[in-house]
Amino acid sequence: MKTELSLLWKHSRKRLPFALLASSLAVGCGQPAPETSETPAPSAPQADSSAQAVDPSGNLEVALGTTLQALEGDEARPVVESLFAIPQGAASKSTATVFQLRLKSSRLENEAFRGGTLSMADGAQQLTFRDDGQGGDAVAGDLLFTASGTFDFVALQTQQQRIAQAQSQSQTQLTTAVFENRQLVATVPVTALSTQFPVGQPVPIQPIGLASLVDPARSLIIRAPGVVNDTTRTYDPCTGVGNPNGKWTFNYLMTEMANQPFTGVAPTTFVREWLRQWEQPRTINGFVNPPRTSIAANLIGPWPKLSSGELNLARSPFKLIAIVNRLDLAGSNPAYGAGSAGEGRFIFAATTGTGSSCYTVPFLVILEYGVDKTGCVNIKTYAQQWQALSGLALGSAAYNAALEALTEQFAKRDLSPRKPNRSSINQVRTNDDWLAHPWELREFRLWNGSINPNSYSTTPPPALGLLNSHTVAQTPDRTRQTSLFPAYVNANTGPIIAGTYSVPLLTSGTFRSGRALVTNPVATPPFWSLPASAIPNRQARHVFSLNTCDGCHGDELGTNFTHVSWTGALSPFLSGALTVPDRADGTPVRTFNEVLARQTFLDQMANQSCLTTAFVTAAPSVH
């Protein structure tokens, strides 16, 4: 008999996107690969005295916490083919039920689960699925797992009635979308089941998301003037109009992130030390991020100052561009145990000039917060709140109040006691073509003493309580293109295609980069490409390239640097269906529809049984 697997799923703390119909929904920029298997981090280094936080207890590292924050990557997850609930009595909210879950025999990763058990959560109920020939399982090792428990057939009836109502209001057949490695691979017709569930008859439990019931402009990527110019919650540095302390201002968000009452770090110090990282070179994983010294004249110099000479955060020269719901980045599949509710993001653009000559520039700052909720019931409630925005008038007082109630669930201080600064922030990312060329993407994280310090800037070393330069997600340094890149892809073809890989810090040498560059967003072939003689598996090449920062923000999709620009414009990748011939080989032709994927996922999570999240394959989180 194989080792019990339930603890792996129950206690997983690593990031993993959900999927639809056993296909990968790898959407959105994620976190760097886990470093727990690499050299353990030493005790936290001491920061420069000018930036050192003061902890009254004398042990800031312990106070800030040592829990690994928002890591990406996971062990292989089972790939589900079907799930049936077989009622043993009349339909009720807690009908005694036998569950049958079949794994796909064609997927090699499922061999790790053959003959074992899986433990999955359905609300407060823990179901043990068995393929070991015991506890009601008929045949050991056939990848058909059996469990006994209860099921809410009343909720399933409500779900079917909702589908039937949506179909009655639609002139076309309802469908749900299926994605694999971000590619739209199928649309599956959706028909409501009968709401009669006879005893002993299998009832399919399927992941269904009705994208038409989610307005992306109100529930996913929110850019409306009535929101980003809300004078109660935002501040416009060009006009001086708004509330400098509003809940969606750069001032408020950075102040909450610094969390001075806990860390002792003043918000002005917090922001100034972050900006200093463009003024000096930073060595990250052995690679040097060169300075972009024009930040002094372009941004720091013109920044309004306090009488003390410190930055006046109340007049920060950053304008809100968008608020983004990234529930689709939800981690640690709740069907297998506790999980998170993805990310919530704020996108700001730097401004330059004054008065009528003031405008936003291509220096974007993205604040990416983990939404720390556990259990499918809590995540489902959170998803319902986002979907409810689709029924409110965009930019109205009611809409903005409801949106603030959502953003405060991840933006305010002390929401994540186990993470550095007790902040929910996962990372801060920047996209810049204003300070210097070429376009450059960087990433910053709060120092965490549990993570390999090579993930952070080691010259100078990271400082507690502050944002520090960090490696970028899923992206090797460009100097490794002809050497370590092909060797890594060829050695990891299976995991790359299955979505169970994470670009490591090291692979026969330093590998993951401290920055990503986009020198030519329409280059053919894309940068992360070599001939078939060097990388025979072309799907693995494509997936790897697409999951890099520079590939996703450039040549693997042929998009131009940003997916939400400094003016709020969306790239073709976020504007609907995008058909792209393979950028290296010309074939195959792939169709992407990122917004459809996010719409589908949100509706599924808000309205379907928690057990539908069992339909998952691991996938690397990307842009």
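The values are calculated or read from the model by the stated rules, or taken from the named source; none is laboratory data. Note that the structure is a prediction, hence the values are computed from the model and not measured. Glycine gets a Cβ as well: all are built from the backbone with ideal geometry, and neighbour counts include every protein chain shown. Quick note on the areas: whole protein, heavy atoms, side chains included, nothing else; ligands and nucleic acids left out. Shrake-Rupley method; radii C 1.70, N 1.55, O 1.52, S 1.80 Å.
For Ser571, the solvent-accessible surface computed with a 1.4 Å probe is close to 10 Å², ligands and nucleic acids excluded. Spin-label model, Thr128/Thr239: points 7 Å from Cα along the beta carbon direction are separated by 6.3 nm. Entry note, the chain: relative contact order of 22 percent, from Cα contacts under 8 Å with a spacing of 6+ residues.
Each 5 Å bin from zero up to the one holding the largest Cα-Cα distance in region 138-207 carries the following percent of pairs: 3, 12, 18, 17, 16, 17, 12, 4, 1, 0. As a rough guide to protection, the peptides 183-196, 412-425 ranked by mean Cβ packing within 10 Å, highest first, stand as 412-425, 183-196.
Once C-alpha pairs closer than 8 Å and six or more residues apart are averaged by separation and normalised to the residue number of region 323-442, the relative contact order reads 23 percent.
Give the Kirkwood hydrodynamic radius (Å, one decimal) of region 88-192, defined as one over the mean of 1/r across all pairs of different Cα atoms. If you can, show how the numbers build up before the last one.
Values: mean 1/r = 0.0611 Å⁻¹.
Result for region 88-192 stands at 16.4 Å.
Quick check: the distance between the Cα centres of region 121-182 and region 525-591, to the nearest angstrom? After rounding, the separation between the Cα centres reads 34 Å. Taking the centroid of alpha carbons for each part, region 185-247 and region 373-438 are 13 Å apart.
For Ala186, the amide hydrogen comes within under 5 Å of the amide hydrogens of Val178, counting only partners 5 or more places away or on other chains and with H modelled in the peptide plane. Seen from Leu484, the other residues with C-beta closer than 14 Å to its C-beta sum to a net charge of +2, counting Lys and Arg as +1 and Asp and Glu as -1.
Checking every one of the chymotrypsin sites (Phe, Trp or Tyr not before Pro) in region 175-262 against DSSP loop status and a limit of 16 other Cβ atoms within 10 Å picks out no site at all. The Cβ shell under 11 Å around Asn298 holds other residues with a net charge of 0, Lys and Arg each +1, Asp and Glu each -1.
Taking the C-alpha atoms only, the angle from helix 153-168 to the longest principal axis of the chain is near 70 degrees. Hydrodynamic estimate: the Kirkwood radius of region 244-352 over Cα pairs, inserted into Stokes-Einstein at 25 °C and 0.890 mPa s, corresponds to D of 150 µm²/s. Short-range pairs are left out: with C-alpha atoms under 8 Å and at least six residues apart, the relative contact order of region 70-212 is 25 percent. Checking the a/c ratio against 1.5 first, then a/b against b/c, what shape does the Cα gyration tensor give for region 563-620? Verdict is oblate for region 563-620. Helical runs assigned H by DSSP (4 residues or longer) give the chain a calculated mean residue ellipticity at 222 nm of -5500 deg cm²/dmol, each run adding -39500 (n - 2.57) before division by the residue total.
For Phe129, nonlocal amide neighbours, meaning residues 5 or more places apart or on other chains whose placed amide H falls under 5 Å from its own, are Leu118, Ser119, Met120.
Distance between the pseudo-spin-label points of Glu310 and Arg418 (7 Å out from Cα toward the beta carbon): 3.3 nm. Only the Cβ atoms of Lys and Arg (+1) and of Asp and Glu (-1) were treated as charged; on that basis the dipole of region 181-254 about its Cα centre amounts to roughly 100 debye.
For the chain, a simple Cβ point-charge model (Lys and Arg +1, Asp and Glu -1, everything else neutral) yields a dipole of about 420 debye relative to the Cα centre. Give the shape of region 162-280 as rounded, prolate or oblate, defined through the alpha-carbon gyration tensor: a ≥ b ≥ c are the square roots of its eigenvalues, a/c under 1.5 means rounded, and otherwise the shape is prolate if a/b is larger than b/c and oblate if not. It comes out prolate by the Cα gyration axes. Across the accessible surface of the chain, with the other protein chains kept in place and a 1.4 Å probe, carbon and sulfur atoms take up 54 percent.
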